[in-house]
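To start, the structure itself, in structure tokens.
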Ligand SMILES: Cc1ncc(C[n+]2csc(CCOP(=O)(O)OP(=O)(O)O)c2C)c(N)n1
């Protein structure tokens with residue numbers, strides 16, 4: 001009987017173990033990136049500037065051109081890179097701690113300047129790689145290592161919704177938020193990243209895609225409760241969709 005191959009791992013995803021925790025969705029973003037790089041035929045013209053977080057180890061899984069920035073500085077580094085190489089497609093790959101906390105100024109200024117690159121911010125609602133501390137994106141009530149009684153408005157204030165915030169800036173042409181748990185969410189998230197890259201190809205200014213990842217190691221719930229946890233605590237705070245397209 002002939003076997004029909006219906007799916008193959010992208011050759012740009014290295015055949016090696018991942019360093020991500022079980023259930024982490026950074027790896028799904030890796031898959032989206034290599035698939036889009038192949039499908040859009042941009043492998044030789046793509047440069048990914050990554051910040052500091054769990055995803056630093058994950059970069060080893062990708063056979064794409066990548067370079068690091070200091071924690072929070074990816075949008076500043078990518079600005080210089082893109083201005084020197086305007087024909088190259090540039091992505092900053094950042095966590096919510098990297099992009100929305102220490103790097104918030106860099107992100108908003110790049111968006112306001114209308115820099116022509118794409119930021120992918122993976123929002124796992126905490127600082128994952130340093131052990132699960134509270135981030136600007138931690139929902140009210142969520143327990144982290146630095147909010148053991150749950151985030152409270154009195155102590156830590158409100159979470160920041162980055163996609164909506166960036167969408168308010170004139171230099172931002174595209175802002176969307178996707179999720180990565182169900183196959184339908186993953187397909188939609190890939191469409192958001194593709195659209196951002198297409199707009200960048202057309203020279204349309206700053207494009208931003210926030211992707212909601214689970215962080216089972218720090219959620220402190222069993223794996224089979226992660227989806228329910230996201231539905232109860234994460235999606236109500238961070239609605240998915242396109243917030244700006246110009
Ligand atoms: C200037 C500086 N401050 C602090 C750190 C420590 N640090 C490393 S990663 C990180 C947070 C990463 O969180 P996030 O960007 O959300 O990525 P995640 O690990 O959750 O994917 C911090 C605070 C650092 N490396 N450099």
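Values in this text are rule-based calculations from the coordinates and carry no lab data. Worth saying up front: this structure is predicted, and the values here are computed from it rather than measured. Neighbour counts are summed over all protein chains in view; Cβ atoms, including those assigned to glycine, are modelled from backbone coordinates with ideal geometry.
Annotations
- Taking every C-alpha pair closer than 8 Å and separated by at least 6 residues, the mean separation divided by the residue count of region 125-209 gives a relative contact order of 20 percent.
- Seen through its C-alpha gyration tensor, with square-root eigenvalues sorted a ≥ b ≥ c, region 98-179 comes out prolate because a/c lies at 1.5 or above while a/b is bigger than b/c.
- Its Cα gyration tensor gives the chain an equivalent ellipsoid, and the semi-axes of that ellipsoid, as √(5λ) in whole Å with the largest first, are 26, 23, 16.
- Each residue in 210, 115 was given a count of other beta-carbon atoms within 10 angstrom of its own, and listing them fewest first yields 115, 210.
- In nm, spacing of pseudo-spin labels at residue 224 and residue 145 (7 Å Cα→C-beta vector): 2.8
- The three principal axes of the Cα atoms in region 40-148 give end-to-end lengths of 47, 32, 23 Å, sorted in falling order.
- Prolate/oblate/rounded label for region 129-175 (Cα gyration tensor, a/c 1.5): prolate
- By the count of neighbouring beta-carbon atoms within 10 Å, fewest first, 62, 212, 17, 104 end up ordered 17, 104, 62, 212.
- Structure-based [θ]222 nm, the chain - -39500 (n - 2.57) summed over DSSP H runs of at least 4, per residue, nearest 500: -8500 deg cm²/dmol
- Sequence-separation-based contact order of the chain, relative, with Cα cut under 8 Å and 6+ spacing, percent: 19
- Gyration tensor over alpha-carbon atoms, region 136-246, equivalent ellipsoid semi-axes in Å: 28, 18, 9
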